[in-house]
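Here is the structure we will look at, set down as structure tokens.
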Amino acid sequence: MTEPEPAALYEVRDHIAIVTLNRPDALNSVNAALSAAAGSALERAAADPEVRVVVITGAGRAFCAGADLKEIAAGRSVYDPEHRERDFAGIVRHWIPKPVVAAVNGFALGGGTEIVLSADLAVIDERASLGLPEVTRGLIAAAGGVLRIHRQVPPKVAAEIALTGRPVPAARAYELGLVNAVAPAGTALDVALDLAGTIAANAPLAVQQSKRVMHESAAAYTGWAPEDWTLNRDATRVVMTSEDAKEGPRAFAAKRTPQWTGH
């Protein structure tokens, strides 16, 4: 029997660590194995003095389809049991001193968008979209979505994204500043590596300290501060214990319109 491939792959090219979410048959949806593997890969990159920049991308046609609903339906956690503090995908609360670039190669709604929001820079395939559709399922974008979206785009635009659940096409995402570049179809990783290469050519210590100052001076306003996540946890508890949170996924599975009760 052959050993299954790890849920996240890791390689280094020219001072750039590439972390590839590697569950292509499940659209790189997040389970505990992926959270553990991706989180370990980020930590490995952070500790390697040869690595200056990290690029996160997805295997196959998706970047990340969010949480693995089959795991959730079975009552299994999608978090790394050894590092719950890193949160969703082992990434969204896993701050490292080196720049992180998201290479959005495909489908990235929900949790995929929340990974993008946690990255320092992002490149998106022209065919891909971002978005936070959780409210359309009776849920909340609890992996940093509602904490970070209004810090990265104008407040009214953030409200539209978070409260309507509608997707944001690549061109619009660039226009809003959610991404740094729109890549021709199939080239998101190449464009992200080019951007990462420009950063990696700079003085590593200067880059890391520049990131540190930007991060720490704005931490209370970017969705990284502990008090932000306390607020987020409290709201998530209210939503996720509601009847609507059960109705949304049931309606989706049955391909019917949800019957919301507000409870």
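Coordinate-derived values only; no laboratory data. Worth saying up front: this structure is predicted, and the values here are computed from it rather than measured. Neighbour counts are summed over all protein chains in view; Cβ atoms, including those assigned to glycine, are modelled from backbone coordinates with ideal geometry.
Below, the figures for the structure above:
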quantity	calculated
Ranking of 215, 15 by count of other Cβ atoms within 10 Å, fewest first	215, 15
Rounded to the nearest 20 debye, dipole of region 73-119 from Cβ charges on Lys, Arg, Asp, Glu	40 debye
Degrees, to the nearest 10: 188-200 long Cα axis against longest axis of the chain	50 degrees
Mean ellipticity per residue at 222 nm, deg cm²/dmol - from DSSP H runs of n ≥ 4 across the chain, formula -39500 (n - 2.57)	-12500 deg cm²/dmol
Of 196, 206, 181, the one that fluctuates the most in a GNM where the chain has Cα springs shorter than 10 Å	206
C-alpha long axis of helix 32-47 to longest principal axis of the chain, angle in °	30 degrees
Separation between Cα centres of region 201-263 and region 144-185, rounded to whole Å	14 Å
Residue exposure sequence - 61, 93 - by fewest surrounding Cβ within 10 Å	61, 93
Residue with peak Gaussian network fluctuation, the chain [Cα springs, cutoff 10 Å], from 112, 75, 197	75
Packing-based ranking, highest mean first, of 138-145, 64-71 given that Cβ atoms within 10 Å are counted	138-145, 64-71
Relative counts (whole %) of C-alpha pair distances in the chain, using bins that are 10 Å wide	7, 31, 38, 19, 4, 0
Most positive-pole-ward Cα, 112, 241, 192, against dipole of the chain from beta carbon charges	241
Lysine pairs meeting the criterion (Cα under 30 Å, 8 or more apart or interchain), as found in the chain	6
Dipole magnitude (debye, nearest 20) for region 8-184, charges at Cβ of Lys, Arg, Asp, Glu	380 debye
Residue (of 19, 88, 49) at the positive-pole extreme of the chain, dipole from beta-carbon charges	88
